[in-house]
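K.L.:
Before anything else, here's the structure in question.
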Amino acid sequence: MSDQFEETQESPVGEPPADDIQLSQSPEEGLSKKKFPWVRVVLLGWLALIVIALLGGYTGYQTGTGDRRATQVAQVSSELDNQFELGLEDLVAKECDRARQRFEWVLDRSPDYPGAIDALAQAIVCMNATATPTPVTPTPTPTVTPTPDLRTGEEKFTQAKQAMVDRDWSTAIDTLFALRKEDPEYLPVEVDSMLYVAFRNRGVQKILNLGELESGLYDLAQAELFGPLDSEANGYRSWARLYLIGISFYSVSDWAQATFYLGQVAPFAPNLTNGSTGFAMDTYLESLEKYIEQLDQAKEWCTAVSQLEILIQYAPNFDREQLLTRYQNRCNNNPDT
């Protein structure tokens, strides 16, 4: 009986079989394995959305930048048109100087603006309407067998206008004089105004770019026969004159005068030159050094201090700083009388 009982005895209630214990899993571990694929899908989805947003933002930025540039160009073009139209209205109202300023503003920003050169010329002639311009006769160039110019006045006038558009001032001047010689009564106001613009611009070009200061001054003087020079051209003329005066003193080693005149040019037009002497700034600094040496020899310490301070502003170095200290000490102990 006892053996039979032992054979038929069941496992205690509540204890699972051994095999079940080995195969069972904790609730948390099963839940983790079920959730992991969904988490990865969500993360990949968010990453894709971020990439799309970044690409969209960059594309929008590029598009916006292009739109802004196009808008700026359109605004500049619109303002040019507006100033040109206002200048024409000023001409009609006889507001000549205001019209001139508007046309110069347009040409400064768009040298090829249609009609602006002619309009500027009309404004200048308008400013000098009461003056009687004296025709300028160019120095003839003798030739052995001159070829007569058989073009009509209209053809010459058209060629001169095209030369001015191309900024070929010499061709424009020569053509206009040929036209005036052939027919003095052909559009006299227009021819005068074009001669003014051509002489004025050729003079400025010679002064600023070609190192032909004397010839440039002559051209500006010729332009002034047809109308008053604008402030910009007057400024260039003043610089050229001061430079030439300074160079004349420089050539005779008058360092005080050379420094005085060149010092009025160098800060504003440092590269101005007459083609045979150095640039204005280089010549000014050399004159300044020579002048300081002269003051040192004369024991004029206080004046030397002021000149050396200027030199150091343009060309500082350690030796000049030390020299300045010595001059300052000597000036304090023995001021110039």
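K.L.:
Restricting attention to region 62-89, which residues are modelled with pLDDT of 85 or more and exposed (fewer than 12 other Cβ atoms within 10 Å of the Cβ)?
P.N.:
85
K.L.:
Looking only at region 271-288, how many residues end up being within 21 Å of residue 308 (Cα to Cα) and either open to solvent by 50 Å² or more (accessible area, probe 1.4 Å) or touching a strand residue (DSSP E or B) at 6+ places or on another chain (Cβ under 6 Å) (or both)?
P.N.:
Qualifying residue count, region 271-288: 3.
K.L.:
With 195, 244 as the choices, which residue is assigned to a helix (DSSP H, G or I) and closer than 28 Å to residue 285 by Cβ?
P.N.:
On inspection, the qualifying residue turns out to be 244.
K.L.:
Moving on to the next point. Pairs needed: first member in region 246-267, open to solvent by 60 Å² or more (accessible area, probe 1.4 Å); second member anywhere, of a type outside the set (Val, Ile, Thr); C-beta distance under 7 Å; at least 6 residues apart or different chains.
P.N.:
257/249; 264/242
A quick yes/no check of all residues on (1) modelled with pLDDT of 95 or more; (2) acidic (Asp, Glu):
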residue	(1), (2)
144	no, no
147	no, no
163	yes, no
169	yes, no
185	no, yes
191	yes, no
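K.L.:
Among the helices (runs of 4 or more DSSP H) contained in region 270-337, which hold 3 or more residues that are acidic (Asp, Glu)?
P.N.:
Of the helices (runs of 4 or more DSSP H) lying wholly inside region 270-337, those with at least 3 residues that are acidic (Asp, Glu) span 280-297.
K.L.:
Any residue in region 86-104 that is free of Cβ contacts under 8 Å to residues at least 60 places away in the same chain sitting within a Cβ distance under 9 Å of a residue that is among the small types (Gly, Ala, Ser) and open to solvent by 60 Å² or more (accessible area, probe 1.4 Å)? List the pairs, counting only those 6 or more apart or interchain.
P.N.:
94/129; 96/129; 99/93
The values are calculated or read from the model by the stated rules, or taken from the named source; none is laboratory data. The structure presented is a predicted model; accordingly, all values stated were derived computationally and were not measured. Cβ sites come from the backbone with ideal geometry, for glycine too, and all protein chains shown count toward neighbours. These accessible areas exclude ligands, DNA and RNA; they are computed on the full protein's heavy atoms, side chains included. Shrake-Rupley method; radii C 1.70, N 1.55, O 1.52, S 1.80 Å.
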